[in-house]
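S.K.: The structure's right below; bear with me while I get my questions together.
The values are calculated or read from the model by the stated rules, or taken from the named source; none is laboratory data. Predicted, not measured: the structure shown is a model, and the values here were computed from it. Cβ: placed from backbone, ideal geometry, glycine included. Neighbour counts: every protein chain shown. To get the accessible areas, we keep the full protein, side chains included, count just its heavy atoms, and leave off ligands, DNA and RNA. Shrake-Rupley method; radii C 1.70, N 1.55, O 1.52, S 1.80 Å.
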Amino acid sequence: MQILIYTVLLLGVMGFATGLGLSIAAKKFEVKEDPRIEEIVKVLPGANCGMCGYPGCSAYAHAIVEKGAVHNLCVPGKKVGVSAKIDEIMKEK
Ligand code: SF4
């Protein structure tokens, strides 16, 4: 019975230490991303079709914010005015 208690205690301590270490590492190595990328991803259709020349909507949003890609490359989004929404997001900040 005593071995069972020690085993449970040891596993509990190891689990807590691992969780604490992962939490600290997540904070320390956190990558800050421009919030406009997430906003642009939300207004894009999300079809991930690649017609804009990027491998998906997220890659296109990154290219707009980080590389200054033009705002009207999303073919499926043209009907719903995505480029105007992207213009607004890029003007805001
Ligand atoms: S064309 Fe539009 S829907 Fe297709 S991957 Fe590019 S941003 Fe996404």
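S.K.: Would you tally the residues in segment 35-76 being more than 8 Å from the ligand (Cβ to nearest atom) and not acidic (Asp, Glu)? Please lay out each step first, then the result.
M.R.: At the first step, the residues of segment 35-76 found to be more than 8 Å from the ligand (Cβ to nearest atom) are 35-43, 58, 62-72.
Now restrict to residues that are not acidic (Asp, Glu): 35-37, 40-43, 58, 62-65, 67-72.
Result for segment 35-76: 18.
S.K.: Here is a further query. Condition (residue is open to solvent by less than 60 Å² (accessible area, probe 1.4 Å) and either within 16 Å of the ligand (Cβ to nearest atom) or not hydrophobic (A, V, I, L, M, F, W, C) (or both)) applied to segment 27-34: is it met by at least one residue?
M.R.: Residues of segment 27-34 that are open to solvent by less than 60 Å² (accessible area, probe 1.4 Å), as a first pass: 34.
Cutting the leftovers down to either within 16 Å of the ligand (Cβ to nearest atom) or not hydrophobic (A, V, I, L, M, F, W, C) (or both) gives us 34.
Looking through segment 27-34, at least one residue is open to solvent by less than 60 Å² (accessible area, probe 1.4 Å) and either within 16 Å of the ligand (Cβ to nearest atom) or not hydrophobic (A, V, I, L, M, F, W, C) (or both).
S.K.: Still on this structure: Among the residues of segment 45-80, count how many are touching a helix residue (DSSP H, G or I) at 6+ places or on another chain (Cβ under 7 Å), open to solvent by less than 30 Å² (accessible area, probe 1.4 Å) and either assigned to a helix (DSSP H, G or I) or touching a residue at least 40 places away in the same chain (Cβ under 8 Å) (or both).
M.R.: 4
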